[in-house]
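Engineer: The structure under discussion is supplied below as structure tokens; questions concerning it will follow.
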Amino acid sequence: MTYDLAYYKKSADFLLDKFGERPEIGIVLGSGLGHFAGELENPVVVSYSQIPNFLRSTAVGHAGEMLFGTVAGKRVVCMSGRFHYYEGYSLEELAIPVRVLKLLGIRTLLLTNAAGAVNTGYKPGDIMVIADHIKLSLGSPMRGANVEELGPRFFDMSSVYAPALRALALELAKKSPLTVHEGVYFFMPGPQYETPAEIRAIRALGGDAVGMSTVTEALTAAHCGLPVLALSVMTDMAAGVLPVPLTSREVIETANAIEKPFTAYVRDIISHL
Ligand code: HPA
């Protein structure tokens, strides 16, 4: 498969025709965080399976729809359902969604995810604004022929998570009932959760939270110069922190439990973008 500009443009042109307008902001909803899609006014809903050259959602807790509508007066495109490496996609395939969002015309990308708290000062239900990430496993979604129209072969990673957007999120956190931290997200490919020894290693390396998403999308955004704000919901204490096994049910339940304040927080952020 040749992933060139024409490949991504085919998906984007199909969506623009459905939406009738260009979105300003793109949002990717994480596991158990799909409720936010209900915030869109007058939504146009397109199933991923209708979009040419796109991927199909297989993960539990992910709807598999692209929605376009307004939130707080802003034109938003929302991916309800994301794609993960553990589903079997190649890293190159995982670049597709963000490249399509970029071609739709978004100027800000808001990523959300469910993550395990590695920092023992965090607790389930807390939020972490991602300041930076660590990905030591696997390659890059930008491996292979570079798409010059989108960005350079070698690209900067020193401020992927835009400082101004992080500052905005931390400022708005003051009026939210949520506890909001800022920290480092450590990517693990999954689908298994980590071992306690892996979590101790992640902590020693500087990770505050661990998860199986977001980083491929942030890398793709960095390549094409798209500012990113990423919010992690601490859905559980990572393996070994508590003497209990980790389940996906706990992840979804915690995400559901903070639905209302989290939705209000994200909405407030969007109104300021
Ligand atoms: N580890 C990895 N991914 C996760 C976790 C976790 O503890 N919680 C939610 N996603």
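The values are calculated or read from the model by the stated rules, or taken from the named source; none is laboratory data. Since the structure is predicted, the reported quantities are computational estimates derived from the model, not experimental observations. FYI the Cβ positions are ideal-geometry reconstructions off the backbone, even for glycines, and counts take in every protein chain you see.
Engineer: Which helices (runs of 4 or more DSSP H) does the stretch 189-273 wholly contain that include 1 or more residues that are at pLDDT 95 or above and closer than 17 Å to Ile134 by Cβ?
Structural biologist: 196-205, 215-223
Engineer: Can you find a residue in the stretch 179-200 that is small (Gly, Ala, Ser), under 25 Å from Thr263 (Cβ atoms) and within 15 Å of the chain's Cα centre (by Cα)?
Structural biologist: Looking only at the stretch 179-200, we keep the residues that are small (Gly, Ala, Ser), and these are 183, 190, 197.
From the residues that got through so far, the ones that are under 25 Å from Thr263 (Cβ atoms) too are 183.
Within this subset, residues satisfying the condition of being within 15 Å of the chain's Cα centre (by Cα) are none.
No.
Engineer: Return the pairs, sorted by first residue and then second, in which the second residue is away from the ligand (no atom under 11 Å from the Cβ) and aliphatic (A, V, I, L, M), the first residue lies in the stretch 190-206 and is touching a residue at least 60 places away in the same chain (Cβ under 8 Å), the beta carbons are less than 6 Å apart, and the residues are 6+ apart or on different chains.
Structural biologist: From residues that are touching a residue at least 60 places away in the same chain (Cβ under 8 Å), the pairs are Gly206/Val184.
Engineer: Please verify whether Phe83 is on the phi < 0 side of the Ramachandran plot and assigned to a helix (DSSP H, G or I), treating the condition exactly as stated.
Structural biologist: Taking the combined requirement at face value, the residue does not satisfy it.
Engineer: Looking at (1) surrounded by fewer than 18 Cβ atoms within 10 Å (Cβ to Cβ); (2) out of contact with any helix residue (DSSP H, G or I) (no Cβ under 6 Å at 6 or more places or on another chain), find the lone condition where Ala72 falls short.
Structural biologist: (2)
Engineer: Could you list, ordered by first residue, the pairs with Cβ atoms under 9 Å in which the first is in the stretch 243-259 and under 16 Å from Gly81 (Cα atoms) and of a type in the set (Gly, Ala, Ser) and the second is within 13 Å of the ligand (Cβ to nearest atom) and not in a loop (DSSP other than H, G, I, E, B), at least 6 apart or interchain?
Structural biologist: Pairs that qualify, where the first residue is under 16 Å from Gly81 (Cα atoms) and of a type in the set (Gly, Ala, Ser) and the partner is within 13 Å of the ligand (Cβ to nearest atom) and not in a loop (DSSP other than H, G, I, E, B), are Ala255/Ala114; Ala255/Val233; Ala255/Thr235.
Engineer: Restricting attention to the stretch 97-151, which residues are part of a strand (DSSP E or B) and either surrounded by fewer than 20 Cβ atoms within 10 Å (Cβ to Cβ) or hydroxyl-bearing (Ser, Thr, Tyr) (or both)?
Structural biologist: Across the stretch 97-151, the qualifying residues are Thr108, Thr112, Ala131, Asp132, Ile134.
Rundown of residues vs (1) closer than 23 Å to Phe186 by Cβ; (2) more than 15 Å from the ligand (Cβ to nearest atom); (3) within 18 Å of the chain's Cα centre (by Cα); (4) hydroxyl-bearing (Ser, Thr, Tyr), yes/no style:
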{"residue": "Cys224", "(1), (2), (3), (4)": "no, yes, yes, no"}
{"residue": "Met234", "(1), (2), (3), (4)": "yes, no, yes, no"}
{"residue": "Glu250", "(1), (2), (3), (4)": "yes, no, no, no"}
{"residue": "Thr254", "(1), (2), (3), (4)": "yes, no, yes, yes"}
{"residue": "Ala257", "(1), (2), (3), (4)": "no, no, no, no"}
{"residue": "Ala264", "(1), (2), (3), (4)": "no, yes, yes, no"}
{"residue": "Ile269", "(1), (2), (3), (4)": "no, yes, yes, no"}
